[in-house]
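The values are calculated or read from the model by the stated rules, or taken from the named source; none is laboratory data. Quick caveat, the model's predicted, so the values are computed rather than measured. Note: ideal-geometry Cβ built from the backbone for every residue, glycine included; neighbour counts use all protein chains shown.
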Amino acid sequence: MRSGFSDLENQSDTLKLDDEEVVARVLEGNVNAFETLLHRHSDLVARIVKRHVPLQDAEEVAQDVFVRIYESLPSFKGKSIFRRWLSSIAVRTCYDYWRKAYRCREVVMTQLSEKHQEWLEEAVSGESEEKRREADARKEAQDLLNWALAKMSPEDRMVLELIHLEGLSVKEVADLLGWSLANIKVRSFRARKKMEKLLTGQMRDKRRKA
């Protein structure tokens with residue numbers, strides 16, 4: 001019985017510690033202290049994962065993130081904020097998800113619906129930014145975006161999402177993915193060109209069939 005009380009006391013103690021101190025406890029052998037990190041950052045991990053992988057796979061990927069975090073704790077040197085270090089692992093896990101899906105070709109390449117075609121025509125024809133944002137908010141626009149992203153390589157997809165959809169800087173993306181600034185800049189430029197080619201190509205096909 002005393003052992004149970006002792007575990008509760010230890011958990012209560014770790015709740016008062018900052019992330020770096022909790023990490024130190026885990027590395028000293030207090031495995032239960034990791035639960036504090038899990039509960040403290042589960043919402044952050046869930047938000048990151050849900051932005052980058054299909055909803056039906058989000059829970060499994062989030063679990064993979066925490067497994068990687070636990071296994072990588074010895075490499076955390078406290079040189080960066082723990083949340084930032086954790087976010088980097090979450091983003092890289094999502095990237096690995098798409099690498100696996102790309103190799104297995106598990107992503108379904110759906111055909112564009114008529115509504116998708118209408119949205120695409122508005123986007124390519126140079127509608128106002130306000131109308132573009134309104135169109136982006138529609139489900140049809142999200143489906144179209146997913147269709148185009150599914151045709152990108154895992155590397156291009158992550159760079160597009162992080163820079164052009166989430167608005168992160170080149171340096172922030174380089175830190176998250178562990179790639180060089182030059183690599184991110186080149187991929188961002190090329191990926192955007194690929195996306196534009198996909199969209200304009202889809203419009204060209206539509207006009208040809210009209």
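For every residue, the table says whether it meets (1) touching a strand residue (DSSP E or B) at 6+ places or on another chain (Cβ under 8 Å); (2) basic (K, R); (3) under 14 Å from A90 (Cβ atoms); (4) touching a residue at least 40 places away in the same chain (Cβ under 8 Å).
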position	(1), (2), (3), (4)
R25	no, yes, no, no
T36	no, no, no, no
H39	no, no, no, no
A46	no, no, yes, no
V65	no, no, yes, no
### Task
For residues that are within 20 Å of E21 (Cβ to Cβ) and touching a Lys or Arg at 6+ places or on another chain (Cβ under 8 Å), scanning just segment 36-63, find the one that is surrounded by the most Cβ atoms within 10 Å (Cβ to Cβ).
H41
### Query
Does segment 185-206 include one or more residues that are in contact with a Lys or Arg (Cβ under 8 Å, 6 or more places away or on another chain) and surrounded by fewer than 14 Cβ atoms within 10 Å (Cβ to Cβ)?
no
### Summary
When every residue in segment 21-35 that is surrounded by fewer than 19 Cβ atoms within 10 Å (Cβ to Cβ) and among the small types (G, A, S) is compared, the one nearest to the chain's Cα centre (by Cα) is A24
### Task
Could you please let me know if R132 is modelled with pLDDT of 85 or more and of a type in the set (K, R)?
no
### Message
Just to be sure before I move on: is G126 outside the structural domain of W179 (by TED's automatic domain parsing), at positive phi and either at pLDDT below 90 or touching a Ser or Thr at 6+ places or on another chain (Cβ under 6 Å) (or both) in the structure I sent?
### Response
no
### Summary
When segment 43-67 is checked residue by residue, the ones that are under 14 Å from F82 (Cβ atoms) and not β-branched (V, I, T) are L44, F66
